Amino acid sequence: MLFAFEKQEPSKKRTIIGLESLMEQLSVFQSISPEGQDHMLHGAALGASTGETGKLITLYESGDEAALTALIESGRGSKDPEAEKFQKALIDRRNVTMTDRIGPCSISPDAPW
């Protein structure tokens, strides 16, 4: 998305900030049990083999928020405690952290974008 935006206005100078560091990303996985990590890898492999990953990417790129939300929510039906821990760590907590970091940038009149 940033690349497409840059192509539209190449003369505008921007500062790109990270919403999380590499160490923060890795710490998410370290906070999940080995069983939870196995579940995550299995789910990713299954999603790739069934085409679910491709659907997620297509819906994201097309901006179809309703369909993307529905697809994600349909996968949250698991009662597996490890899957729930993974979901909370990888999605829920990270979204809160990144939203907290975006907030000050989006309201600043001097924002670099």
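Take the residues in region 43-77 that are closer than 17 Å to ALA89 by Cα and not acidic (Asp, Glu), then tell me which one is modelled with the lowest pLDDT.
GLY77
Return only the number of the condition from (1) at pLDDT below 85; (2) acidic (Asp, Glu); (3) surrounded by 13 or more Cβ atoms within 10 Å (Cβ to Cβ) that GLU9 does not satisfy.
(3)
Given the conditions (1) assigned to a helix (DSSP H, G or I); (2) over 15 Å from the mean Cα position of the chain (by Cα), and given that GLN25 satisfies all but one, which numbered condition is not satisfied?
Of the numbered conditions (1) assigned to a helix (DSSP H, G or I); (2) over 15 Å from the mean Cα position of the chain (by Cα), the odd one out for GLN25 is (2).
The values are calculated or read from the model by the stated rules, or taken from the named source; none is laboratory data. Note that the coordinates shown come from a computational prediction; the quantities given were computed from them, not determined experimentally. Positions of Cβ are backbone-derived with ideal geometry, glycine not excepted, and every protein chain shown enters the neighbour counts.
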